[in-house]
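Note sheet for the following structure.
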Amino acid sequence: MKVPSIILGLAALASGHTIFQKVSVNGVDQGQLKGVRAPDSDYPIQNVNDASFACNKDLKHIDSTVISVPAGAKVGAWWGHVIGGAQVANDPDHPIAKSHKGPIVVYLAKVDNAATAQPNGLKWFKVAEDGLSNGQWAVDKMIANQGWHYFTMPSCVAPGDYLMRVELTALHGAQVPGQAQFMECAQIRITGSGTNTGANFVSFPGAYKSNDPGIQVNIYDNSGNPYMGGKPYKIPGPAVLTC
């Protein structure tokens, strides 16, 4: 008997979770939980209107590190199944379950002091996104990179302190409202001579609706393959900042 893909997707939700917990800058690992605000729980937020939708809830790992990021740098965000990485030896769900296909997007919010800034009420702008391209989801690439998701910080971003919000949306059960979204925030300081202070600002919560086409979507074709059946996928949120 063929089990419907929606049931398989919802069942997988119980095990294949993840936490953003490290940053790299131009190939240099900045250290475990350095400058990253992370919870102990790897459970997602499934309500886009949750009051903690900006940087996640029940944050247990917070320090005073502010990571220096030159504008134009190659930045990495590292994800692990639980704090520290694998939950068990040969963990099949580290860095995340392979079934959890979806996009990864990055936002910035300008703050006075990244080490102490609170995430509520900030104005966020998108600096990077990766969805589905050439038959590969951003999550597929992250798994292939052993938990690392890479993007280029736009070269025009103005210097100063920012919170950097990295969000992964797992779409395996997104045919119905209540998708799985994982996000944490890093504390960064942009350096350089850029002058762009952002555009197309959004708030969290508030940027997404539960029925947005990139939030509530069936990614499976009639054979159960999770690649949109050849249709394009629309990444949630505003346009990426252009320089």
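The values are calculated or read from the model by the stated rules, or taken from the named source; none is laboratory data. Everything numeric in this text was worked out from a predicted model, so none of it was measured. Every residue, glycine as well, gets a Cβ built from its backbone with ideal geometry; the counts of neighbours run over all protein chains shown. For the accessible areas, the whole protein counts, side chains as well, though only heavy atoms, and no ligand, DNA or RNA atoms are used. Shrake-Rupley method; radii C 1.70, N 1.55, O 1.52, S 1.80 Å.
How charged is the neighbourhood of A54? Take every other residue with its Cβ under 13 Å from the Cβ of A54, and add Lys/Arg as +1 and Asp/Glu as -1. It works out to a net charge of +1. Where only DSSP H runs of four or more residues are counted, the chain gives -1500 deg cm²/dmol as its mean residue ellipticity at 222 nm, each run worth -39500 (n - 2.57).
Per residue, the convex hull around the alpha carbon atoms of the chain comes to 117 Å³. Once all protein chains are placed together, T195 keeps about 120 Å² accessible to a 1.4 angstrom probe.
Of the Cα atoms belonging to the range 172-243, the radius of gyration and Dmax stand at 16.3, 51 Å. In the complete set of protein chains, residue-level accessible area for C156 is approximately 20 Å², probe 1.4 angstrom.
Within the shell defined by Cβ-Cβ distances under 14 Å, the residues around V28 carry a net charge of +2, with Lys and Arg each +1 and Asp and Glu each -1. For the chain, the share of accessible area belonging to carbon and sulfur comes to 50 percent (1.4 Å probe, ligands and nucleic acids excluded). H17 sits among other residues whose Cβ lies under 12 Å from its own Cβ, and their net charge, with Lys and Arg +1 and Asp and Glu -1, is -4.
Going by accessible surface with a 1.4 Å probe and the largest first, Y150, Y220 read Y150, Y220.
Using the structure shown, list the pairs from K110/K231; K22/K98; K60/K234; K22/K231; K98/K234 with a Cα-Cα distance above 31 Å, or answer none. Cα-Cα > 31 Å for K110/K231; K60/K234; K22/K231; rest within.
Go ahead and set up a Gaussian network model of the chain, Cα springs under 10 Å, then flag whichever of I143, I215, I104 fluctuates most. Of the options given, I143 has the highest mean-square fluctuation. Averaged over its residues, the range 44-105 has an accessible area of 42 Å² per residue, based on protein heavy atoms and a 1.4 Å probe.
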